[in-house]
Structures are given as C-alpha cells and as structure tokens.
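A.B. asks: Below you will find the structure I want to go over with you.
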Amino acid sequence: MSDARALGERAEAMIGALAGITAEPGKITRLYLSPEHRRAAALVGEWMRQAGLSVRMDAAGTMHGLLAPGLSGPRANRRLLVGSHIDTVVDAGRYDGNLGVVAGIVAVEELAARGIRLPFGLEILAFGDEEGVRYPKTLVSSSTIAGSLDPTVLDMVDATGMPIRGALAEFGGDPDHLAAEAYLRGDVIGYLEVHIEQGPVLESQGEALGVVSAIASQGRYRLTARGEAGHAGTVPMALRHDALAALAEVVLAVEEVARKGVRDSLVATVGEITARPGAVNVIPGEAMMSLDVRAANDAARVAAVEEIRRRVRDTGVRRGVVIGMETMIEKPVAAAAPWLKRAIAGGIEAVTGRKPREIMSGAGHDGQAMINLTDIGMIFVRCRAGISHNPLESVMIEDMGLAIEALVGTIVRIAEGGRA
Ligand code: HGY
Ligand code: MN
Ligand code: MN
C-alpha cells in the first residue's frame, strides 16, 4: 500500500507532464479538439494502458480506460465512472480537471497494488470539453456519454469559424456517431470526480478534503449591442448611439444586481467584451460581451437574470442602442447523491481521521452533464488561496495523495456496500 506522499508525487509528475502540452509555451492553454488536446489525450491513454486498462477514444474525443470487473455477481455488467476534464481555460492552472483524471488512473494502480478486485467495471474518463472556452456551449464530451447532447451544438463555430462538427472530424472523432456513445442508466453505477475546490473554504478551515454537496445553478449568455458607428471627433455626445458605452453600463448593472444576491451566493461575471469596428477614432457601432451568472439555487439565478434583462432593455431604450441577450447555456443545480456523499465522506474520514465538511461548488463540472445519466459525487481538494483559472493555482503533494487514497476508499465502500 503506497503512502499519501508517494501517491501525491506520482500524481504531481503526471500533472507536470500534461502541463507541458499547451498551445502557448510558458502558459497552459489546451482547448477542446485542438492538437494539444489530441496530444494530452494520447498521453493519458498511454498511462491508462500502463495501468492495465483497456483504452479507447470515443466519437466526442473522450479517452476511456476500462478496468473489467475482478469478481462475478449482479453488478459485473455495470461500471462505476470516475473522471474529469483535460481541456483548460486560457493561461490556466495545471490542476483544474487534470488532477481528477490523474487521480482516477493512480487509484486504479493503487487498487491493483493492494490486490483489490471489484464486483463491477471501473472506467476512467478524460473529457475534452468542460471549460467551454473554444465554443459557446460546453460539456459536449460528457453530455455525449450522458446521452444529453443537443445535436445542434455541432454547428456552433469557434472564433475562426470552424464548427464543432468539422473540428471533431479533423481531431479523429466522429460527429455522425455521437449518439451511439451514450450510456444507459442501467449500464452505470455512478459518477465520481476528484477536483480542486477552486475556492477558499478548505484552506481556511485547515482541511485537505471536502465532500461536494451540489454544483451551483449556472447560466451563460451572449449580449450583442448595435448602435451607430461615427466619427470620434465630430459626433456630439448627445447624438451618439455608442454600442460599447451601452454595454459598459450593462456591465456595471450586472455587478450591482449580483452584489444584492450574496445570501444566495449569486455571482455574475463579464469575462469577454469586444467593440467593432475597433478603431481609436470610431464610435463603436457594435459591441459583444459574455455573461456568466451563478447561484446556490435556481430561483436566485433566474431572478437575477430577469433583473439583468430588464436593465439591458432600459439601457438600450435610453441610449437608442438595440441590445440582444442570447441564452447559451442554463444548467440547474446538480445535487450530489446522498449515498455517494456518504461513501465519499467515509473514504475521506478513513484517511484524514476527521469527518469532512460539505461544500457547494460555485465552479461548473462535468457532473452537470453526467447527472442526466447517473448519480454524481465529488471529492474536493484544498488549493492555495482558492486560486484557479490562473497559473498560480497550486495544490500540496500530500493533499493529492490523500485525495487518491480517499477515492480508493470510496470505490471500495461502493464495492462493499453496494447501492445503485
Ligand atoms: O466555468 C466553470 O466553472 C468551469 O471551470 N468550467
Ligand atoms: Mn474544472
Ligand atoms: Mn475550470
């Protein structure tokens, strides 16, 4: 039986290797269906093979590593899914997503090292599209397995005009056979994911690991403003229909609405904004911005989005600018299954000696797709100052080892205790 330090070191080395696969030397940027995604998936597939798993890449670009059941019995024809994502945001940290895939592979190695045979299959999944940075929609690869993929997303284009359909074909996926990749509820036992907390709670409480209670309600929207381009030197301020100034007012309205929702953990973010034609001496005739709204419950998110829509309308009318607000994604709260939370809490307590706390995840995860297929559960790992989506993201080696031990313990509890 390896100790936490050794398991953590193993994970750190693998995460370091993945961090070197990037579109931007010196930064970590690995977008869905990019050449970097392909290389990272190939490396993960090699690790899976070395761990004794049977490996395949599915039509959506997810790398699968399957450990056949070691025991016969009523659950031998089903599988427990363990996964996370290997795509990243731009200039990312190295642990977001990648830790969950590496933890699954090292957990398989550890189960073998302990001579533990499972009464069901265990499948490690490396999803390629959790961040949704390249395309407006996200969770394409996990939605494919969950059977919840909206096929119209295949025609969504990236900044270069490349539709998912074409990028998938170029990548080596198969856009015409995604439906066949869907699992059925009876095929699987549940879905587990190890992920950094990406928040400050565990560190502030001096705890290495936590149990995720649920994943927050999340919406993503795209706002497009159309005003009137004009000469920066000759159009008086009172006669302008400045599309960018209109969106700038909306950005501050978004912040004002979100600040009123602290009780429901309401947060709203404008991460992208562009102006056209984009010249120093031209009043922007067009502008576009993204909007990300999340809350601990669906009602609070829906109410906040409604208030934002009202502010958008009023701003547009007052400024003589037409502003459209398109819904790109809306995901309800995804609650972890009580039986999986209990198995995870048992796995964590066995390695830390403390009953773990439950934490709401403000960050989105593949579990928001997988909940359409099966019960979900997540193990959160402490990360320094809660920093994430930032190259300063960092995790202690020991904590990664404890997380892997807790994952092994959770899998064993599910094997011994049954359920689903
Ligand atoms: O946006 C999120 O919360 C996740 O990191 N994709
Ligand atoms: Mn993530
Ligand atoms: Mn992320």
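A.B. asks: Is one or more of the residues making up segment 331-345 crowded, with 17+ Cβ neighbours inside 10 Å and within 16 Å of ligand 3 (Cβ to nearest atom)?
C.D. replies: Yes: one or more hits.
A.B. asks: Looking only at segment 371-404, count every residue that is assigned to a helix (DSSP H, G or I), touching an Asp or Glu at 6+ places or on another chain (Cβ under 8 Å) and surrounded by 24 or more Cβ atoms within 10 Å (Cβ to Cβ) and tell me the total.
C.D. replies: Within segment 371-404, residues that are assigned to a helix (DSSP H, G or I), touching an Asp or Glu at 6+ places or on another chain (Cβ under 8 Å) and surrounded by 24 or more Cβ atoms within 10 Å (Cβ to Cβ) number 3.
A.B. asks: Something else now. Being within 15 Å of A208 (Cβ to Cβ), more than 13 Å from ligand 2 (Cβ to nearest atom), modelled with pLDDT of 95 or more and in contact with a helix residue (DSSP H, G or I) (Cβ under 8 Å, 6 or more places away or on another chain), is that true of even one residue in segment 339-347?
C.D. replies: Yes: segment 339-347 contains one or more residues that are within 15 Å of A208 (Cβ to Cβ), more than 13 Å from ligand 2 (Cβ to nearest atom), modelled with pLDDT of 95 or more and in contact with a helix residue (DSSP H, G or I) (Cβ under 8 Å, 6 or more places away or on another chain).
A.B. asks: Return the pair list, or none, for Cβ contacts closer than 8 Å from residues in segment 23-44 that are closer than 22 Å to R165 by Cβ to residues that are in a loop (DSSP other than H, G, I, E, B) and among the hydroxyl-bearing types (S, T, Y), at least 6 apart or on different chains.
C.D. replies: Pairs found: A23/T29; A23/S34; R30/T22; R30/T88; L31/T88; Y32/Y135; E36/T22; E36/T29.
A.B. asks: Find the residue count for segment 161-198, including only residues that are in contact with a strand residue (DSSP E or B) (Cβ under 8 Å, 6 or more places away or on another chain), charged (D, E, K, R) and surrounded by fewer than 23 Cβ atoms within 10 Å (Cβ to Cβ).
C.D. replies: The qualifying residues number 1.
A.B. asks: For segment 120-142, does any single residue satisfy the condition of being open to solvent by 10 Å² or more (accessible area, probe 1.4 Å) and more than 14 Å from the chain's Cα centre (by Cα)?
C.D. replies: No: zero hits.
A.B. asks: What are the residue pairs meeting all of these: first residue in segment 222-236, first residue touching a residue at least 24 places away in the same chain (Cβ under 8 Å), second residue charged (D, E, K, R) and assigned to a strand (DSSP E or B), Cβ atoms under 7 Å, and 6 or more apart or on different chains?
C.D. replies: These pairs meet every condition: R222/E326; A225/E286; R226/E286.
A.B. asks: OK, next. Exactly one condition in (1) outside any helix (DSSP H, G or I); (2) polar (S, T, N, Q); (3) within 16 Å of ligand 3 (Cβ to nearest atom) is not met by Q368; state its number.
C.D. replies: (1)
A.B. asks: Does R30 satisfy the condition of being open to solvent by 20 Å² or more (accessible area, probe 1.4 Å) and either farther than 28 Å from A112 by Cβ or not acidic (D, E) (or both)?
C.D. replies: For R30, the condition - open to solvent by 20 Å² or more (accessible area, probe 1.4 Å) and either farther than 28 Å from A112 by Cβ or not acidic (D, E) (or both) - is not met.
A.B. asks: Another question about this same structure. Using beta carbons and a limit of 9 Å, which pairs, at least six apart or on different chains, have the first residue in segment 184-201 and within 11 Å of S361 (Cα to Cα) and touching a residue at least 60 places away in the same chain (Cβ under 8 Å) and the second one within 11 Å of ligand 2 (Cβ to nearest atom) and assigned to a strand (DSSP E or B)?
C.D. replies: These pairs meet every condition: H195/S84; H195/S361; H195/M378; E197/S361; Q198/S361; G199/S361.
Conditions (1) under 30 Å from L154 (Cα atoms); (2) surrounded by fewer than 20 Cβ atoms within 10 Å (Cβ to Cβ); (3) of a type outside the set (S, T, N, Q), marked per residue:
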site: A51; (1), (2), (3): no, no, yes
site: R56; (1), (2), (3): yes, yes, yes
site: A60; (1), (2), (3): yes, no, yes
site: S72; (1), (2), (3): no, yes, no
site: V82; (1), (2), (3): yes, no, yes
site: A92; (1), (2), (3): yes, no, yes
site: Y95; (1), (2), (3): yes, no, yes
site: G100; (1), (2), (3): yes, no, yes
site: A112; (1), (2), (3): no, yes, yes
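A.B. asks: Only one residue in Q218, Q198, Q205 is away from ligand 1 (no atom under 16 Å from the Cβ) and under 30 Å from C383 (Cα atoms), so which one is that?
C.D. replies: After applying the criteria, what remains is Q205.
A.B. asks: Can you tell me which residue is farthest from A268 (Cα to Cα) among those in segment 241-252 that are open to solvent by 10 Å² or more (accessible area, probe 1.4 Å) and touching a residue at least 60 places away in the same chain (Cβ under 8 Å)?
C.D. replies: Applying the filter and picking the extreme gives H241.
A.B. asks: List the number of the failed condition for D292; all other conditions in (1) buried (at least 18 other Cβ atoms within 10 Å of the Cβ); (2) over 23 Å from the mean Cα position of the chain (by Cα); (3) among the acidic types (D, E) hold.
C.D. replies: Failed condition: (2).
A.B. asks: Restrict the check to segment 313-334 and report whether at least one residue is within 30 Å of the chain's Cα centre (by Cα), part of a helix (DSSP H, G or I) and in contact (Cβ under 8 Å) with a residue 24 or more places away in the chain.
C.D. replies: Looking for residues that are within 30 Å of the chain's Cα centre (by Cα), part of a helix (DSSP H, G or I) and in contact (Cβ under 8 Å) with a residue 24 or more places away in the chain, one finds none in segment 313-334, hence no.
The values are calculated or read from the model by the stated rules, or taken from the named source; none is laboratory data. Because the structure is predicted, anything quoted here is derived from the model rather than measured. Cβ sites come from the backbone with ideal geometry, for glycine too, and all protein chains shown count toward neighbours. Ligands, DNA and RNA are stripped out before the accessible areas are found, and what is left, the full protein with its side chains, is counted by its heavy atoms. Shrake-Rupley method; radii C 1.70, N 1.55, O 1.52, S 1.80 Å.
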